[in-house]
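Have a look at the structure below, then the notes.
The values are calculated or read from the model by the stated rules, or taken from the named source; none is laboratory data. Keep in mind that this is a model prediction, so the values were computed, not measured. Reconstructed Cβ throughout: ideal geometry from the backbone, glycine too, with neighbour counts over all protein chains shown. Accessible surface areas use protein heavy atoms only, side chains included; no ligands, DNA or RNA. Shrake-Rupley method; radii C 1.70, N 1.55, O 1.52, S 1.80 Å.
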There are 4 protein chains.
Amino acid sequence: MKHAIFLIQTDDRQGLLAATTSFFSERNINIIECRQYTDLHEGRYFMRIAIDLSTESTRHELESQFAALAEKLRLQYTIHYSDEVQNIAVMVTKTSHCLYDLLMHAEENTLGNGRIVMIVGNHPDLEAVADRFRVPFYCYPVVKGREMEQEAELHPLFEKHHIDLIVLARYMRILSDDFIRRYPQRIINIHHGFLPAFQGSDPYRQAWERGVKIIGATAHYATAELDEGPIIEQDVVRISHEDTPEKLREIGRDIERRVLTRAVAAHLEHRIILSNRRTIVFGR
Amino acid sequence: MKHAIFLIQTDDRQGLLAATTSFFSERNINIIECRQYTDLHEGRYFMRIAIDLSTESTRHELESQFAALAEKLRLQYTIHYSDEVQNIAVMVTKTSHCLYDLLMHAEENTLGNGRIVMIVGNHPDLEAVADRFRVPFYCYPVVKGREMEQEAELHPLFEKHHIDLIVLARYMRILSDDFIRRYPQRIINIHHGFLPAFQGSDPYRQAWERGVKIIGATAHYATAELDEGPIIEQDVVRISHEDTPEKLREIGRDIERRVLTRAVAAHLEHRIILSNRRTIVFGR
Amino acid sequence: MKHAIFLIQTDDRQGLLAATTSFFSERNINIIECRQYTDLHEGRYFMRIAIDLSTESTRHELESQFAALAEKLRLQYTIHYSDEVQNIAVMVTKTSHCLYDLLMHAEENTLGNGRIVMIVGNHPDLEAVADRFRVPFYCYPVVKGREMEQEAELHPLFEKHHIDLIVLARYMRILSDDFIRRYPQRIINIHHGFLPAFQGSDPYRQAWERGVKIIGATAHYATAELDEGPIIEQDVVRISHEDTPEKLREIGRDIERRVLTRAVAAHLEHRIILSNRRTIVFGR
Amino acid sequence: MKHAIFLIQTDDRQGLLAATTSFFSERNINIIECRQYTDLHEGRYFMRIAIDLSTESTRHELESQFAALAEKLRLQYTIHYSDEVQNIAVMVTKTSHCLYDLLMHAEENTLGNGRIVMIVGNHPDLEAVADRFRVPFYCYPVVKGREMEQEAELHPLFEKHHIDLIVLARYMRILSDDFIRRYPQRIINIHHGFLPAFQGSDPYRQAWERGVKIIGATAHYATAELDEGPIIEQDVVRISHEDTPEKLREIGRDIERRVLTRAVAAHLEHRIILSNRRTIVFGR
């Protein structure tokens, strides 16, 4: 069953839900799922509507009719179709656990309609993993002092392959502001710490030194402010005084890959709306 | 801000959401929160709508107008008002942890508009706790072979005090089918096991003997089938081989009280709809 | 069954476990529980031994003999007896949930051999709670600019009543360095955030603004550095975008009281050894 | 650093810890880790000792000397060496998530010294996965009415390849009692339910029908009693009324693979001692 998903936000007012749902009801379009959220602090209204597309009207008709409604109601919105493939580029360095998890879930078709079309490494180490899953591997090493050259090569590559989402799967380089600004809400990063605690490098050692009893990982949209982007998903695990920093790193890997994969799935299923620095993540 | 809550269920059809929300929108009534759920397996539609009551129309008008809509759409529904106090009777035996938790939360006003108006014990042990919180304590001991006499005395007591909800806070007697049938979806029980595992008595010993690594507790509506009523809330905690059955009991107390209090709060906040043996619990 | 608990730390060397356990074995003393931990990064050895005291030798004999062993092995240690009551002063301001939880657990005898002997408030609000449990309440308001006078009054009070442990149960004043240094490893504080994230004031609002998906609470020994003391216990709960800062505060209360009570129990059961800024917490 | 691990159990008596640790201390052997557990209900003592092997005495000497001690103290024990590779056969049917997880962790060297040397399927579906990781795949289809023939072929295969551990990674056939008895405490199975709830087939549907709020998975040693073997590891995840049985299956996959991998790691790291139907699992 094909469906379309509308992600909507606007200033909170009375009647928004009735007006929007009536739009579909009048066209005999079945609403499969509808979720709303009102941020009373900011006075903003957020909505995700999934509709059945097995209807007579074309997508073009539907889009232009909805555009009229949106203009009237001043809705800010995006439309997504369940049969629209989304191309993913996964960027990696040397550690494979997050990459494997994404590849495995892609193969099990639990990443929405996402398709991993390329793996980009700044080191050649994970080429073998890419080969196993028959995904093209591109190696763009970073030469000290010439970092921007590497980034400059990525843009045409991403463009040519119609990349919709860039996943930083433990990519250990900091990308330039300029790079990040080109892909707003289209780069997902995994931080191996429970943000906002332990920003910066080696969060597991920081966690050990501070003697915390629980460690975590955080997936977020990358923004120009390092480790400050809107958080999509987090998870944690209880640890004990016996766990060395090395052991924390090992334990952490299972959280990192879980959190990153869940965040990527939420994005690909169009369940996320951005509200300044916060994410509204509908549904599971 | 006063509000009314509509709990609705009906057969799933197109246009239900638009029709229902338009009803309020046409009357300039603000919808504060709206939640839906479609059970595709059963073809049923469930809905919780919270509306702002600071409107000119009286409750009576609203109710009769909504009744007309409900008849047209064949909605099964109940209406609840945020300023309607709900009277709670807590039934206990000898253990105090669940009772304390309920009293504490009632005092902190986190049990919706619930008010604990009486504590009923089949033993006198917890009278002192009731006294501390200045709640009347009724002691109705059970005499072997004359169990029904005790139950017979409870009905007029509950009726006189307009009891809306009976909470079995580790009440260690099995109530008769007849008793339970009188209060459909109005008796909440806490089972000190992770149902459906460990039904029956001494679940912590059962758990220890089976060597499980996680124990839990389950709050459910009491039905004629012991430990088989619709589950409202569950929670668990990780244990280790070192924990004796006695220790499990102690650990379990913290889960039991948490789970029971959360279930009672969900009921009092009108967030639960029953669908056969399953509960739809909206929101947190 | 009476028992004694030895908390030991020393530089890591070979044979420490054999030497220490042989000491008891040669005296026909039964070891009930023995836990060790070696911090390989710091080269330190930590040990908790619980022994059966139903033996012929007196405590005095045992202590002087063990002192000889400790000198030989250069052990740093403390000895605690299971029948030694520990006097607790709980310091509060206006919120009652942590206080209630401690009182309830004390009543259920799950706080080791701890006894809450006084409640000290800088506001009179919680006197009624203290009265209910028949615990003396002392009100020492803080006058702006004369904070030290309040603290000066507390010392003789604590001394007279042989206070062993001070629990800051959402006590909303910052105590002076001088005060804190007088009670090393004897003041436990609850921070309503998942430290080291959200230090300082109103951590729930900070958490909301940062858009985290999980919130937590942290119990730690108070040190001169605010919110930087050794962490004893932490716990977390998953939240959603729908939870307002107010709701987070409410949800947080259940974590705070759980975490604080667990930390206090661990301290009273002599399961904690300090290693610089980190705690070794043995057992559950 | 090479080390040896002793797993010991015996009747609880005084002096066991001192006697055992002194054995090593007298030989100037460094104890890296020592864990004990006394089951007071059964009067049994359990112990795991890891020692440093960088010593002058040979393994043969050490073993014969320890045998003498064990005879004197009536210890039941096994010895394991950190440099002894353990050969694993993974048995599968059609679902790949558990298999992938094991292969991935084997590659990351987080399965102790386990080595996956073969994958056995009763269907050919997962041969491609085996190929990717360059592990031999054996397909032994089960012919109705001739199930024993398949099993008969497995024994020589396992023997020839020195299989130490058989992992049933969602292997969807019930093995015969005779088969299971041949490999005591050497077959680990994953059950996709929170045992002892939901034994038997399709536990996710059972869970949905019962309306539980939390689902789980259980790894256990296979015994002749189906789903009744000693539990090694369990984990759970919170679900909601919105999750269909199909969705539960998808969610469950992440728990299953996590739980199975953790159980396999605990076995391979020699952290498990069996005590009747319960497992003592030391350390993380």
key: Distance between modelled label sites at residue B:246 and residue B:159, nm, 7 Å Cα→Cβ extension   = 4.7
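What is the local net charge at residue D:44, summed over the other residues whose Cβ is closer than 9 Å to its Cβ (Lys, Arg +1; Asp, Glu -1)? Don't skip to the answer; put the middle values down first.
Numbers: positive: none; negative: D:11, D:12, D:39, D:42.
Value of the local net charge: -4.
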ask   = What accessible area per residue, rounded to a whole number of Å², is obtained for chain D using a probe radius of 1.4 Å?
value = 41
request  = Quick one: which residues, 5 or more positions from residue D:120 or on another chain, have an amide H under 5 Å from its amide H? H modelled 1.01 Å from N in the peptide plane, none for Pro or chain starts.
outcome  = D:90, D:91, D:92, D:138
query = Considering every residue in D:196-203, what mean count of other chain Cβ atoms within 10 Å of its Cβ is obtained?
reply = 3
query = For the protein assembly as shown, what is the charge dipole size about the Cα centre, in debye to the nearest 20, if Lys and Arg each add +1 at the Cβ and Asp and Glu each add -1 at the Cβ?
reply = 0
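Averaged over peptide A:228-235, how many Cβ atoms belonging to another chain are found within 10 Å of each residue's Cβ? Walk me through the intermediate numbers first.
Details: counts 1, 1, 2, 5, 2, 2, 6, 4.
Partner Cβ neighbours, averaged per residue: 3.
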task = Rounded to the nearest Å, what's the spacing between the alpha carbon centres of region C:265-284 and region A:231-278? Just the number, please.
result = 28
ask   = With springs only between Cα atoms under 10 Å, which of D:217, D:89, D:70 fluctuates most in a Gaussian network model of chain D?
value = D:70
ask   = What are the distances, in nm and sorted shortest first, from the label point of residue D:160 to the label points of the same position in each other copy, with each label point placed 7 Å from Cα along the Cα-to-Cβ direction?
value = 4.9, 8.5, 8.8
ask   = Put the label 7 Å from Cα along Cα→Cβ for residue B:277; what are its distances to the other copies, in nanometres, shortest first?
value = 2.4, 4.9, 5.4
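May I ask you to derive the FRET efficiency for residue B:134 and residue C:139 from their Cβ-Cβ distance with R0 = 25 Å, giving the value to the nearest 0.05?
Numbers: r = 22 Å, r/R0 = 0.90.
With a Förster radius of 25 Å, E is 0.65.
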note = Mean per-residue count of partner chain Cβ within 10 Å for C:13-20 equals 6
query = Along Cα→Cβ at 7 Å, what distances in nm separate the residue C:40 label point from those on the other copies, shortest first?
reply = 3.4, 5.0, 5.4
task = Could you order peptides D:264-276, A:134-146 by the average number of other Cβ atoms within 10 Å of their residues, highest first?
result = D:264-276, A:134-146
inquiry  = If I take every Cα pair under 8 Å that is 6 or more residues apart in chain D, average their sequence separation and divide by the length, what percent do I get for the relative contact order?
reply    = 16
At R0 = 51 Å, FRET efficiency that the Cβ-Cβ distance of residue B:41 and residue C:61 yields, to 0.05 = 0.10
ask   = Put a dot 7 Å past each Cα toward the Cβ at residue D:237 and residue B:1; how far apart are the dots in nm?
value = 3.5
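Can you give the calculated 222 nm mean residue ellipticity of chain A, where each DSSP H run of n ≥ 4 adds -39,500 (n - 2.57) and the sum is split over every residue, rounded to the nearest 500 deg cm²/dmol? Can you show the working numbers first?
Values: 8 runs with 95 residues, N = 284.
The helix contribution divided over chain A gives -10500 deg cm²/dmol.
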task = Determine the total buried accessible area between chain B and chain D, counting protein heavy atoms only with a 1.4 Å probe; round to the nearest 100 Å².
result = 3400
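Where the accessible area of region B:102-144 is counted over protein heavy atoms with a 1.4 Å probe, how much of it, in %, is carbon and sulfur? Intermediate values should be presented prior to the final figure.
On the way: 980 of 2010 Å².
Of the solvent-accessible surface of region B:102-144, carbon and sulfur hold 49 percent.
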task = Please give every one of the lysines within straight-line cross-link reach of residue A:160, meaning a C-alpha to C-alpha distance under 26 Å, and leave out same-chain neighbours fewer than 8 residues apart.
result = A:94
inquiry  = Using Cα springs under 10 Å in a Gaussian network model of chain D, which residue among D:200, D:216, D:252 shows the largest mean-square fluctuation?
reply    = D:200
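So how strong a dipole does region A:125-165 carry about its Cα centre when Lys and Arg Cβ are +1 and Asp and Glu Cβ are -1, to the nearest 20 debye? Walk me through the intermediate numbers first.
Working: 5 positive and 9 negative charges, 24 e Å.
Here the size comes out at about 120 debye.
Let me spell out the model: positive unit charges on the Cβ of Lys and Arg, negative unit charges on the Cβ of Asp and Glu, origin at the Cα centre of chain B. What dipole size does that give, in debye rounded to 20?
On the way: 35 positive and 41 negative charges, 67 e Å.
It works out to roughly 320 debye.
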query = What's the center-to-center distance, using Cα atoms, between region B:139-206 and region C:18-64 in Å?
reply = 49
key: Among C:47, C:24, C:216 - extreme Cα towards positive end, dipole of chain C, charges at beta-carbon   = C:216
task = Considering the rotation that carries chain B onto chain C, locate the chain B residue whose Cβ comes closest to its axis and report the distance in whole Å.
result = B:132, 2
key: DSSP beta bridge pairing in chain C, given as percent antiparallel to the nearest 5   = 70
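Among B:93-102, A:158-167, B:112-121, A:189-198, how do they line up by average Cβ neighbours within 10 Å per residue, starting with the highest? Don't jump to the answer; show the numbers that get you there.
Details: B:93-102: 22.2, A:158-167: 17.0, B:112-121: 20.1, A:189-198: 24.4.
Most protected by this proxy first, the peptides run A:189-198, B:93-102, B:112-121, A:158-167.
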